[in-house]
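Undergrad: One structure, as structure tokens, below. Some questions next.
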Amino acid sequence: MRKNIVAGNWKMNNGLSQTQALISDIKKQTQISDAEVMIAPSFTNLWHAFEALRQDNIEVVAQNMHFAENGAYTGEVSAGMLQSIGVKTVILGHSERRAYYNETDESLAKKVDAALANHMRIIFCFGEELADRKAGNEESVVESQIKNALFHLGADAFKNIVLAYEPVWAIGTGETASPDQAQDMHAFIRKTLANKYGKEVADNVSILYGGSVKPNNAKEIFGKPDVDGGLIGGASLKAEDFYAIVNAF
């Protein structure tokens, strides 16, 4: 049975003292929810976050990783390095990585393979941009991103994959995605998986929504049958807002 998940992606925010303060504030919140809770601090703060939350039901995850085990890749971090400090889940394919660092379906497929080979869980992100949505190509774009990066895998791999749909067109553009639009795309994603791997696999994969979830819309979005939680950006940087979203379940 698939899990409800709320993951906070802190992106390039918070130095050590800010990370310490935010984790302290998060730990003060009422941690009673039907959702699995994750946070993704910057690389420099992963170890501190892991140590600070070792006894709590909050998983510390990484925002990215390289596909190689080691080598001449200045500035990169491998799956083995992440695991060496206790990190067992990684976000791959985030829209900002695709847009700013030219990550492609092909390079992401290599990262997916590396993460799975190292027994890591993956939050795999994808989604269409505004031009795609306006042209009515959103389903074909999303289907292509999923197929190109993931459909070389066997069905068992999806036990360690969480999907995260990001409607890039609804993030910072002034456009707004409705809960019904989120549900429609999530249902399409699940159907795409079912067509390849069967209904049982599709029904057991958690699909998160990454389109500006906030405390005032989380309950309605999470109430949709194919939305299993959220990948939260800005709202995860305030403990009270983050846990209001978590407790929407």
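The values are calculated or read from the model by the stated rules, or taken from the named source; none is laboratory data. What you are looking at is a predicted structure, and each value in this text was computed from that prediction instead of being measured. No Cβ is skipped: glycine too gets one built from the backbone with ideal geometry, and neighbour counts run over all protein chains shown.
Undergrad: Answer with yes or no whether ALA187 is part of a helix (DSSP H, G or I), surrounded by fewer than 19 Cβ atoms within 10 Å (Cβ to Cβ) and in contact with an Asp or Glu (Cβ under 6 Å, 6 or more places away or on another chain).
TA: Numbers: part of a helix (DSSP H, G or I): yes; surrounded by fewer than 19 Cβ atoms within 10 Å (Cβ to Cβ): yes; in contact with an Asp or Glu (Cβ under 6 Å, 6 or more places away or on another chain): yes.
When the stated conditions are applied, ALA187 passes them.
Undergrad: What are the residue pairs meeting all of these: first residue in segment 231-249, first residue within 18 Å of LYS11 (Cα to Cα), second residue among the hydroxyl-bearing types (Ser, Thr, Tyr) and surrounded by 23 or more Cβ atoms within 10 Å (Cβ to Cβ), Cβ atoms under 7 Å, and 6 or more apart or on different chains?
TA: Partner pairs satisfying both residue conditions: PHE242/SER236.
Conditions tested, residue by residue: (1) without any contact (Cβ under 8 Å) to a residue 12 or more places away in the chain; (2) part of a loop (DSSP other than H, G, I, E, B); (3) surrounded by fewer than 18 Cβ atoms within 10 Å (Cβ to Cβ); (4) in contact with a Lys or Arg (Cβ under 9 Å, 6 or more places away or on another chain).
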{"site": "THR44", "(1), (2), (3), (4)": "no, no, yes, no"}
{"site": "ALA49", "(1), (2), (3), (4)": "no, no, no, no"}
{"site": "ASP56", "(1), (2), (3), (4)": "no, yes, yes, yes"}
{"site": "ASN64", "(1), (2), (3), (4)": "no, yes, no, yes"}
{"site": "ASN70", "(1), (2), (3), (4)": "yes, yes, yes, no"}
{"site": "VAL87", "(1), (2), (3), (4)": "no, yes, no, no"}
{"site": "GLU103", "(1), (2), (3), (4)": "yes, yes, no, yes"}
{"site": "ILE122", "(1), (2), (3), (4)": "no, no, no, yes"}
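Yes or no, residue by residue, for (1) over 28 Å from VAL201 (Cα atoms); (2) part of a loop (DSSP other than H, G, I, E, B); (3) hydroxyl-bearing (Ser, Thr, Tyr); (4) at pLDDT 95 or above:
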| residue | (1), (2), (3), (4) |
| --- | --- |
| ARG2 | no, yes, no, no |
| ILE5 | no, no, no, yes |
| ASN13 | yes, yes, no, yes |
| ILE23 | yes, no, no, yes |
| ILE26 | yes, no, no, no |
| MET38 | no, no, no, yes |
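Undergrad: Here is a further query. Among the residues of segment 222-237, is there at least one that is in a helix (DSSP H, G or I), modelled with pLDDT of 95 or more and surrounded by fewer than 17 Cβ atoms within 10 Å (Cβ to Cβ)?
TA: Scanning segment 222-237 turns up no residue that is in a helix (DSSP H, G or I), modelled with pLDDT of 95 or more and surrounded by fewer than 17 Cβ atoms within 10 Å (Cβ to Cβ).
Undergrad: I would also like to ask the following. How many residues does segment 1-23 contain that are over 25 Å from GLU166 (Cα atoms) and of a type in the set (Gly, Ala, Ser)?
TA: 3
Undergrad: Okay, next question. Could you check how many residues of segment 163-178 are in contact with an Asp or Glu (Cβ under 8 Å, 6 or more places away or on another chain) and either surrounded by fewer than 17 Cβ atoms within 10 Å (Cβ to Cβ) or of a type in the set (Val, Ile, Thr) (or both)? Reasoning before the result, please.
TA: To start, the set of residues in segment 163-178 that are in contact with an Asp or Glu (Cβ under 8 Å, 6 or more places away or on another chain) comprises 167-169.
Filter again for either surrounded by fewer than 17 Cβ atoms within 10 Å (Cβ to Cβ) or of a type in the set (Val, Ile, Thr) (or both), leaving 168.
Qualifying residue count for the region: 1.
This table checks each residue for (1) more than 19 Å from ALA164 (Cα to Cα); (2) among the aliphatic types (A, V, I, L, M); (3) in contact with a Cys (Cβ under 8 Å, 6 or more places away or on another chain).
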{"site": "GLN29", "(1), (2), (3)": "yes, no, no"}
{"site": "GLU36", "(1), (2), (3)": "no, no, no"}
{"site": "ILE39", "(1), (2), (3)": "no, yes, no"}
{"site": "ALA49", "(1), (2), (3)": "yes, yes, no"}
{"site": "VAL61", "(1), (2), (3)": "no, yes, no"}
{"site": "PHE67", "(1), (2), (3)": "yes, no, no"}
{"site": "ASP105", "(1), (2), (3)": "no, no, no"}
{"site": "ILE123", "(1), (2), (3)": "no, yes, no"}
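Undergrad: Also, I was wondering about something else. In segment 21-39, is there at least one residue being surrounded by fewer than 13 Cβ atoms within 10 Å (Cβ to Cβ) and either more than 21 Å from PHE242 (Cβ to Cβ) or in contact with an Asp or Glu (Cβ under 6 Å, 6 or more places away or on another chain) (or both)?
TA: no
Undergrad: Tell me yes or no: at least one residue of segment 23-32 is under 20 Å from the mean Cα position of the chain (by Cα), free of Cβ contacts under 8 Å to residues at least 40 places away in the same chain and under 29 Å from ALA218 (Cα atoms). Spell out the reasoning first.
TA: Taking segment 23-32 first, the residues under 20 Å from the mean Cα position of the chain (by Cα) are 23, 26.
Those left that are additionally free of Cβ contacts under 8 Å to residues at least 40 places away in the same chain: 23.
With the extra rule that they be under 29 Å from ALA218 (Cα atoms), the set shrinks to 23.
Checked against the condition, which is being under 20 Å from the mean Cα position of the chain (by Cα), free of Cβ contacts under 8 Å to residues at least 40 places away in the same chain and under 29 Å from ALA218 (Cα atoms), segment 23-32 yields at least one hit.
Undergrad: Next question, about the same structure. Listed residues GLU143, GLU139; which is buried (at least 17 other Cβ atoms within 10 Å of the Cβ), closer than 20 Å to LEU108 by Cβ, modelled with pLDDT of 95 or more and acidic (Asp, Glu)? Reasoning before the result, please.
TA: Numbers: GLU139 fails: buried (at least 17 other Cβ atoms within 10 Å of the Cβ).
Matching residue, one of GLU143, GLU139: GLU143.
Undergrad: For segment 189-231, which residues satisfy the criterion of being over 18 Å from the mean Cα position of the chain (by Cα) and within 15 Å of LYS147 (Cβ to Cβ)?
TA: Within segment 189-231, LYS191, THR192, ALA194, ASN195, LYS196, TYR197, VAL201 meet the criteria.
Undergrad: Quick test of your reading of the structure: ASP113 fulfils all but one of (1) modelled with pLDDT of 95 or more; (2) in contact with a helix residue (DSSP H, G or I) (Cβ under 7 Å, 6 or more places away or on another chain). Name the failing condition by number.
TA: (2)
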